[in-house]
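> Quick one: the structure is below, and I'll ask about it shortly.
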Amino acid sequence: MASRIMMKRCRNCFRQALPASYAQLGPPGANSRPSLPIYHNRHQSFHHSSFHNANAPPSNTYEPKRPTNVKININDHVKIVSLGQGIINVVLSRPNKLNSLCIPMFEAIAEAASRLRNDRELNKDLRVVIISGEGRAFCSGLDAKGVALSGPKSSLDKLLKRPSGYGGDDGLGNLAQDVCYLWRKLPVPVIAVLHGYCFGGGLQIALGADFRFATPDCKLSIMESRWGLIPDMSASIVLRELVRMDVAKELTMTGRIISGSEAESLGLVTRCVDDPMEEAMKVAREITARSPDSVAASKELFQSTWMVEDDATCLEKETTLQLKLIGTWNQAAAAGTQFGINLPYWNK
């Protein structure tokens, strides 16, 4: 009885404290890549019998549901789909090529990220973005044949010109980098749903997300070394936040294919689940129950301080962001839920 009386008093005090204004968001076969023997490091810390089958094809029993309620179709390669509650699904939609990356696909992905960041009509209620692949794969990497047919020189110019223009006035990357890096610039969480194949550029796109949920038999690889290249789609930024340097070097230098289970052990994947889209929706709904301001500030806090060694800079950033949150409508709405008071969040 005493606890109920105390809760009632707290609820009344909270209501009285509110300002008056308060009452009124490809695999090798896809692009004819050479089939090379898979290197296994027998001294690797994460050793599990299931990892020896990493080079076996995925079971292909899992595919995300075909998208409906498509709001925008970009180049017939990327679909922007509303899932309700401020959750947007960006669908890589080139299933007959395992969503491999041709020039129009690069451009469509970068445009999708740019529009979600800058188009007010599109992002006014945006709370979470989920990136997924239609068909049997998330993304099988570079469509080497398609890029070559587009003209090697003109394709390279489009991919490597800096800045690409998709990043806006503060853009840093070229087109190849922006399909990964721009997801980090969105003020909302981005979740990658991985299944089938996630190779090369496809893996780097996934690494640009805030969370990655994968099927246990998903196949992942930093595959550029098989082509005599390095991963250059912002891997130098995203990998250092997720894995040790020796792990990044080993995966990059060997081009080894790993399973979703091993990727989870290494830290490349947030979680392995049988239905990663269902898991993504579950987490997205949990996030939409929180203040959009605190969610955005949390993303900014960790991305701006994670690799910073100066403690003073990190502590100052915490205080700066916190002062922007205290006393706002959304902070009051979030606090109100702790007293049984439900106020709608305001998405700026």
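> Which entries in Lys97/Lys249; Lys158/Lys317; Lys71/Lys124; Lys71/Lys219; Lys97/Lys153 show an alpha-carbon gap greater than 26 Å?
Too far apart for the 26 Å limit: Lys97/Lys249; Lys158/Lys317; Lys71/Lys219.
> Further, regarding this structure: For segment 147-235, which trypsin sites (Lys or Arg not before Pro) are both in a DSSP coil and crowded by at most 12 other Cβ atoms within 10 Å?
Filter output for segment 147-235: Lys161.
> Using only C-alpha atoms and all pairs of different ones, pull out the Kirkwood radius for segment 206-315 in Å with one decimal.
15.7
> A further question on this structure: Under a plain spin-label model, where a point goes 7 Å from the Cα along Cα-to-Cβ, how far apart in nm are Asn73 and Gln85?
2.8
> Continuing with the same structure: How many percent of all Cα-Cα pairs in segment 264-348 sit more than 18 Å apart?
Cα-Cα pairs in segment 264-348 separated by more than 18 Å: 59 percent.
> Are there chymotrypsin sites (Phe, Trp or Tyr not before Pro) in segment 255-337 that DSSP marks as loop and that have at most 10 other Cβ atoms within 10 Å, and which are they?
Trp306
> Set the Förster distance to 25 Å, then compute FRET efficiency between Ser304 and Leu229 from the Cβ-Cβ distance, nearest 0.05.
For Ser304 and Leu229, the calculated efficiency is 0.25.
> Report the gain in length on full extension from Lys161 to Thr313: 0.36 nm times residue separation, minus Cα-Cα distance, nm rounded to one decimal.
Result: 51.4 nm gained on full extension.
> Measure off 7 Å from each Cα along the Cα-to-Cβ vector at Lys65 and Lys324, then give the distance between these two points in nanometres to one decimal.
3.6
> Shifting gears a bit: Whenever you get a sec, line up Met223, Met307 from highest to lowest accessible area (probe 1.4 Å, protein heavy atoms).
Met307, Met223
> Once the piece of chain linking Ser236 and Arg271 is laid out straight, how much longer is it, given 0.36 nm per residue of separation minus the C-alpha distance between them?
So the extension gain works out to 10.4 nm.
> I'd like the GluC sites (Glu not before Pro) in segment 296-348 restricted to DSSP loop residues with at most 12 other Cβ atoms within 10 Å, sorted by number.
Glu309
The values are calculated or read from the model by the stated rules, or taken from the named source; none is laboratory data. The structure displayed is predicted, hence computed values, not measured ones. No Cβ is skipped: glycine too gets one built from the backbone with ideal geometry, and neighbour counts run over all protein chains shown. Note: accessible area is taken over every heavy atom of the protein model, side chains too, but ligands, DNA and RNA are not part of it. Shrake-Rupley method; radii C 1.70, N 1.55, O 1.52, S 1.80 Å.
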